[in-house]
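Student: Just dropping this structure here.
The values are calculated or read from the model by the stated rules, or taken from the named source; none is laboratory data. These numbers were taken from a predicted model, which means no experiment stands behind them. All Cβ positions, even for glycine, are placed from backbone atoms using ideal geometry, and neighbour counts span all protein chains on display. Quick note on the areas: whole protein, heavy atoms, side chains included, nothing else; ligands and nucleic acids left out. Shrake-Rupley method; radii C 1.70, N 1.55, O 1.52, S 1.80 Å.
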Amino acid sequence: MDKTQLVKAFLAAPRAELLADDVFFQALARNAGRDAVLNRFTAADTGAAYRGASWSAPQADGEQVKVTGKLPPGGASPGFILVFEFAGGRIAAIRQQPLFGGAPVAAMPVKLTEELKKLVDNALATSHTMLVACVDADGQPILSFRGSTQSFSDDQLAIWVRNSDGKFLNSIAKNPKVALMYRDHDSKATYQFQGRARVATDEAARRRIYEKMAEAERNHDPARSGVALLIDLDRVEGQAGMSPQGPVNRVRMLRDAGS
């Protein structure tokens, strides 16, 4: 059979004789070998998406064949594209990439979970230092890593800013809107936080923010001459990771959700 027929036959009924001995499947991770690839398409868990997909007609593209699988509407992922490669009349490789879109996550009021708080509080220790964005007086976006970033309450983050006369504080004095990003390359956990920053003048809040940040950060300001910032969160979006079928445990929090 030709390549497109081979792909049709495999998607209709995955079986070993259609696969090369050293076949591999590549998505976020790599499954190598006939048994591993076959298991991916037939197992109760990983194979469910392929069995539930509506497949387009396979399209030859040079030496490859591409096919799109669309999943039922309402799920986290709309589907995926499979790219097949061949050797010796059998499938030698299957590469998968997701389609973008999917059903939007229902918005919930901003309330940081304990898991999210832990990710933020341990970001520096786990080498996932939080990235912070603001806009200066000229409208120029500015990015900086802030190792002191921490959770402060269910709807607030906090930062200790060592330079009390720096560009960061001058910028938020004119435009308090900020955004922060957390990213774990290994787990693919990705979260964006948006809110409004303001200086915490209460001494108890200053002390709490200073003492909670990592020792390495406190050692940069033993005189406690920095400024404590509170960030009132308006939006939190992201996911706990990615699977070949799409985002895992997505969240979408809005300050005015449900009001």
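Student: Within the range 186-208, can one find any residue that is in contact with a strand residue (DSSP E or B) (Cβ under 9 Å, 6 or more places away or on another chain), outside any loop (DSSP other than H, G, I, E, B), free of Cβ contacts under 8 Å to residues at least 24 places away in the same chain and farther than 22 Å from LYS111 by Cβ?
Tutor: Yes - at least one qualifying residue is present in the range 186-208.
Student: Continuing with the same structure: Please verify whether the range 55-69 includes one or more residues that are touching a Pro at 6+ places or on another chain (Cβ under 7 Å) and either at positive phi or not in a strand (DSSP E or B) (or both).
Tutor: No; the residues of the range 55-69 include none that is touching a Pro at 6+ places or on another chain (Cβ under 7 Å) and either at positive phi or not in a strand (DSSP E or B) (or both).
Student: Here's another thing I want to ask about it. With the structure loaded, tell me whether ALA123 is without any contact (Cβ under 8 Å) to a residue 12 or more places away in the chain and open to solvent by less than 60 Å² (accessible area, probe 1.4 Å) or whether it fails that test.
Tutor: Against the criterion (without any contact (Cβ under 8 Å) to a residue 12 or more places away in the chain and open to solvent by less than 60 Å² (accessible area, probe 1.4 Å)), ALA123 does not qualify.
Student: So, in the range 71-86, of the ones that are at pLDDT 95 or above and among the hydrophobic types (A, V, I, L, M, F, W, C), which residue ends up surrounded by the fewest Cβ atoms within 10 Å (Cβ to Cβ)?
Tutor: VAL83
Student: Oh, and also: Could you check the range 164-183 and list, in sequence order, the residues that are open to solvent by less than 90 Å² (accessible area, probe 1.4 Å) and out of contact with any helix residue (DSSP H, G or I) (no Cβ under 9 Å at 6 or more places or on another chain)?
Tutor: Those that are open to solvent by less than 90 Å² (accessible area, probe 1.4 Å) and out of contact with any helix residue (DSSP H, G or I) (no Cβ under 9 Å at 6 or more places or on another chain): SER164, GLY166, PHE168, LEU169, ASN170, SER171, ILE172, ALA173, ASN175, PRO176, ALA179, MET181.
Student: Against the condition within 30 Å of ASP138 (Cα to Cα) and open to solvent by 20 Å² or more (accessible area, probe 1.4 Å), how does ASP186 come out, does it pass?
Tutor: Taking the combined requirement at face value, the residue does not satisfy it.
Student: Consider only pairs whose beta carbons are under 9 Å apart and that are at least six residues apart or on different chains; among these, list those whose first residue lies in the range 165-183 and is charged (D, E, K, R) and whose second residue is part of a loop (DSSP other than H, G, I, E, B).
Tutor: LYS167/ASP136; LYS174/ASP136; LYS174/ALA137; ARG183/HIS128; ARG183/ALA189
Student: Further question: Give the residues of the range 124-153 that are touching an Asp or Glu at 6+ places or on another chain (Cβ under 7 Å), of a type in the set (Ser, Thr, Tyr) and farther than 20 Å from VAL110 by Cβ, sorted by residue number.
Tutor: SER148
Student: Also, I was wondering about something else. Regarding the range 11-19, can at least one residue be identified that is surrounded by 16 or more Cβ atoms within 10 Å (Cβ to Cβ), in a helix (DSSP H, G or I) and of a type in the set (D, E, K, R)?
Tutor: No: the range 11-19 contains no residue that is surrounded by 16 or more Cβ atoms within 10 Å (Cβ to Cβ), in a helix (DSSP H, G or I) and of a type in the set (D, E, K, R).
Student: OK, next. Taking the range 224-259, which residues are closer than 23 Å to ALA125 by Cα and open to solvent by 30 Å² or more (accessible area, probe 1.4 Å)?
Tutor: Selection gives ARG224, GLU237, GLN239, ALA240, MET242.
Student: Output the number of residues of the range 31-60 satisfying the condition of being charged (D, E, K, R), surrounded by 11 or more Cβ atoms within 10 Å (Cβ to Cβ) and under 27 Å from ASP184 (Cβ atoms).
Tutor: The qualifying residues number 1.
Student: Condition test on GLN156, is it open to solvent by 50 Å² or more (accessible area, probe 1.4 Å), touching a residue at least 12 places away in the same chain (Cβ under 8 Å) and in contact with an Asp or Glu (Cβ under 7 Å, 6 or more places away or on another chain)?
Tutor: no
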